[in-house]
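Got a structure for you, written out below as structure tokens; questions coming shortly.
What follows is calculated from the coordinates using simple rules that are stated; it is not laboratory data. All of these numbers come straight from a predicted model, not from anything done at the bench. Cβ coordinates were reconstructed from backbone atoms using ideal geometry, including for glycine residues, and neighbour counts include every protein chain displayed.
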Amino acid sequence: MSYIQPPSCPLPEYVRQALFPLPRAQWRDHDNFLTSDARALLRNHDGLKQQARQYHGAIRYLTNLSDQDRSHEDNLSLLTTLQQHLQSLLRNLHSHHGFEDSSVFPAVRLQHPRLNPAIELMEQDHAALDQLLAMLQTRSQDLPAALRLPQNLERALAEADNLERLLHGHMQNEEEILVPAYLIYR
Ligand SMILES: [Fe+2]
Ligand SMILES: [Fe+2]
């Protein structure tokens, strides 16, 4: 499986030029940080990335086990926990992206037309992420039995790695686009 980049990475110069200039290092000290939507966005992103990192870590742990250890009772119960974890992660991601697509992006487009090209890229990122999430949704239905097979584990590891990269790239750019707008125009 080849690694995919979100369509917004790297953020094109014409998009970057249109962003509100407020460096990341100044976000948390900004007067409006605690009362704007910026704090919630960063916290949600951190939570989702952490959940994706935990999923990736658990798959890596299973990949590194011997076949015999993988069949041990403790590790078999880990597979069931992993299935629940993945399904919860997918639900949370769909809900986060769905809210952005239906509420956040239209409002930002209306309030800040200069951000239209940037928002378009965010929507393209969501579409690319949706493809991977759909694949993971299908996989999650076969868990935990499927992950007892080493060849499936390798594929799951590549998908988990891809998910982490996509989320990291997308969320980094989304924060650069939205957080300064939230802080300046609370
Ligand atoms: Fe997003
Ligand atoms: Fe987001």
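Show me, for the range 163-175, the HN-Hα J-couplings you get by feeding each phi into the Karplus relation (A = 6.51, B = -1.76, C = 1.60, θ = phi - 60°), rounded to Hz, glycine and proline as x.
Per-residue couplings from phi come out as 4, 4, 5, 4, 5, 4, x, 5, 5, 4, 5, 4, 5 Hz.
Could you tell me which of A181, L65, L89 has its Cα farthest along the dipole of the range 33-184 towards the positive end, charges placed at Cβ (Lys, Arg +1; Asp, Glu -1), taken about the Cα centre?
Comparing the listed Cα positions along the dipole, A181 ranks first.
Quick one: 3J(HN,Hα) in Hz for the range 78-88, Karplus 6.51/-1.76/1.60 with θ = phi - 60°, rounded, Gly and Pro as x.
Per residue, the Karplus-derived 3J(HN,Hα) values read 4, 5, 5, 4, 5, 4, 5, 4, 5, 5, 5 Hz.
Oh, and also: Taking only DSSP H segments of four or more residues, each worth -39500 (n - 2.57), what value at 222 nm results for the chain once the sum is divided by all its residues, to the nearest 500 deg cm²/dmol?
Mean residue ellipticity, 222 nm, calculated: -24000 deg cm²/dmol.
For the residue pair M135 and I184, what label-to-label distance in nm results when each label sits 7 Å from Cα along the Cα-to-beta-carbon direction?
Result: 3.7 nm between the two label points.
Let me ask another. Given R₀ = 41 Å, FRET efficiency for A145-E123 by Cβ-Cβ distance, to 0.05?
0.70
Please get the size of the charge dipole for the chain, origin at its Cα centre, with Cβ charges of +1 on Lys and Arg and -1 on Asp and Glu, quoted in debye to the nearest 20.
240 debye
While we're looking at this one, here's another question. Using the Karplus curve 6.51 cos²θ - 1.76 cosθ + 1.60 with θ = phi - 60°, what ³J(HN,Hα) values do you get for each residue of the range 124-141, in whole Hz, with x for Gly and Pro?
Along the range 124-141, the couplings run 5, 4, 4, 5, 5, 5, 4, 4, 5, 5, 5, 5, 5, 4, 5, 4, 4, 5 Hz.
Highest GNM mean-square fluctuation, the chain, Cα pairs closer than 10 Å: which of L133, L143, L121?
L143
Now for a different question. Once you charge only the Cβ atoms, +1 for Lys and Arg and -1 for Asp and Glu, what is the size of the charge dipole of the range 34-116 about its Cα centre, to the nearest 20 debye?
Here the range 34-116 has a charge dipole of around 460 debye.
Quick one: if the Förster radius is 30 Å, what FRET efficiency do S95 and S66 give, using the C-beta to C-beta distance and rounding to 0.05?
That gives a FRET efficiency of 0.20.
Which residues make up the longest stretch of the chain that has no chymotrypsin sites (Phe, Trp or Tyr not before Pro) in a DSSP loop with at most 16 other Cβ atoms within 10 Å?
Value returned for the longest uninterrupted segment is 4-184.
Quick one: among Q68, Q83, Q50, which has the greatest mean-square fluctuation in a GNM of the chain with alpha-carbon springs under 10 angstrom?
Highest fluctuation of the listed residues: Q68.
On to the next question. Sequence gap at least 6, Cα distance under 8 Å: using those rules, report the relative contact order of the chain to the nearest whole percent.
Taking the mean separation of contacting Cα pairs over the length of the chain, I get 53 percent.
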